[in-house]
Amino acid sequence: MSVQSLDGEHATGLTDLLSIGFGTTVAMWAVGYVGHMPLADAPPLVFVSLMLVCLAAGGWIVGKKTPRGLPGGLGLGLIVALLNLLILGSVRSMLAEPNSGQMVPQAWLWLSGYFVICLALATGGAAAGTVLRSKSDRSVRAGATARRDAPPRPLAGEESGVREPDWLLVFAWTACLATLLLISVGGLVTGFRAGMAVPDWPNTYGSNMFLYPLAKMTGGVFYEHAHRLLGSLVGLTTLVLAILLSFDGRSIPALILVWTVGLCVGLQGVMGGFRVTDATPAIRDTLAVAHGFFAHVILAGMVGVAMLLRYSSRSAVKDITAERDEYSSNARSPGETDAFLATLLVLAILGQTLLGTLVRQMDIGLIVHLSVAMLVAVLAILVGVRLWGLYPHIAVVARGGVALLGVVALQIILGGISLACRTPPAAASPSAEQLQTQAEILQPAAHALLTTAHQTTAAVLLGIAALLAFSAWRFAVMQGSLTPTETPRARTETATL
């Protein structure tokens with residue numbers, strides 16, 4: 001499918017709309033989650049308005065960053081409206097009665113108005129973005145015309161000074177952010193000890209999970225049920241990314257990895273369900289640990305998919321070579337030692353995450369967890385300083401090293417605070433009956449938020465380490481594939497002869 005904009009450019013395929021659509025939906029869900037959570041208890045008018053602002057902003061991005069114009073806004077509105085059907089049925093039972101499953105009489109009226117609002121907001125945002133894009137294009141043309149020696153403006157599809165985003169890569173990073181959000185939301189379930197607030201699965205108190213009334217999502221039920229809904233969105237995001245990659249075909253390793261991650265996401269959901277329904281305490285606790293730890297493995301895999309996509313495009317290879325060449329003839333790039341250290345850091349963080357999960361879920365191994373934490377921190381500082389200091393000319397590596405150092409410092413601080421705010425083991429979690437009748441039985445909000453912040457920061461640290469590991473291995477492989485006459489130093493020496 002090809003869409004022509006007002007300035008004559010063409011947009012092919014749906015990857016850009018799907019990327020922006022899923023990203024907009026994730027942002028809307030994040031705002032809705034924070035606004036509706038019992039801790040915030042924001043007025044519905046406030047957080048619903050912010051969700052609609054996210055939708056209009058998504059339309060603006062379509063208009064500003066793609067040549068689709070108003071039709072692109074309509075497409076985005078349709079995609080977001082369809083994705084939000086996953087939660088629309090929970091709002092006052094708009095679509096169906098939660099127990100009988102029958103459509104309510106006003107369902108079609110609700111649906112029609114809902115789709116009209118989504119299409120209108122997204123199209124309005126796209127109109128504003130298109131206006132700005134047109135003004136920018138006219139400014140570029142006017143500047144080029146004013147200079148006699150200015151080169152002719154490239155035709156649509158040719159390489160120009162402003163490169164269009166790699167929308168498949170944007171989609172991959174959206175999946176990473178959605179997974180990170182899911183880890184944070186799951187951390188709050190653990191932090192509040194609300195894992196048993198919904199005693200059945202895949203239903204919620206006998207109702208279809210997607211039709212459970214929002215009015216009943218209070219206390220611990222909100223944290224557990226919202227976690228399940230967001231998990232469904234992450235699963236759908238991963239599936240669509242895998243399908244897009246299957247048709248794109250640019251990177252076989254990324255394709256294999258994304259389908260593997262997709263299967264892991266499905267397994268993760270099953271583990272979470274059995275963790276609730278299994279009556280054996282030992283099995284339930286083991287599944288709680290596995291479920292909490294495996295989410296971080298999935299995040300690392302998602303980052304791997306994004307990095308494999310980043311380095312599979314021709315422009316990425318040109319950027320790598322240009323960054324390395326323009327710095328100096330003696331500029332180096334990461335080699336096998338850097339790749340090994342970064343990979344070791346990923347494995348160390350995963351091991352430390354498993355120990356932390358054991359502490360949080362079963363209250364065992366605290367001393368081992370603290371001891372290993374010091375070793376992981378030293379290794380992270382070593383990797384961060386090395387990559388930042390040795391390769392300042394390679395942006396992704398140098399900035400990643402700086403980010404690694406900053407996140408390690410934050411994690412150490414949060415770790416110290418979390419020692420004073422530990423939650424009881426999973427075996428001490430209150431039952432569904434207690435969580436329904438006694439709102440005060442939830443763990444203190446400060447404890448839940450601080451320990452979850454510590455867990456989320458560990459996930460961010462893992463994501464940065466995975467990014468650096470994939471980058472380092474890519475540079476190491478490129479180094480090995482270059483012949484002696486193709487290296488920057490060899491080309492410089494040849495030029496001076």
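Overview of values
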read-out	value
3J(HN,Hα) from dihedral phi, region 210-217, Karplus parametrisation 6.51/-1.76/1.60, rounded to Hz, x for glycine, proline	8, 10, 5, x, 4, 5, 8, 7
Summed residue charge, Cβ within 12 Å of residue 338's Cβ, Lys/Arg positive, Asp/Glu negative	+2
Length gained when the stretch residue 274-residue 381 is fully extended (0.36 nm per residue, less Cα-Cα span)	34.6 nm
Linear extension gain, residue 116 paired with residue 218, 0.36 nm per residue minus alpha-carbon span	33.7 nm
Pairwise FRET efficiency - residue 347 versus residue 417, Cβ, R0 = 25 Å, nearest 0.05	0.45
Pair residue 374, residue 131: separation of 7 Å Cα→Cβ label points (nm)	6.2
Residues of region 66-83 with amide N under 18 Å of a point placed 7 Å along Cα→Cβ from residue 164	66-76
Taking 115, 294, 470 and counting other C-beta atoms within 10 Å, the order from fewest to most	115, 294, 470
Cα-projected label distance for residue 232 with residue 252, points at 7 Å along beta-carbon direction, nm	3.8
Estimated FRET transfer efficiency (residue 267, residue 410; beta-carbon r; R0 30 Å; 0.05)	0.45
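None of the figures in this text is laboratory data; all of them are computed from the coordinates on show. This one's a predicted model, so the numbers in the text were calculated from it and none came from an experiment. Neighbour counts are summed over all protein chains in view; Cβ atoms, including those assigned to glycine, are modelled from backbone coordinates with ideal geometry.
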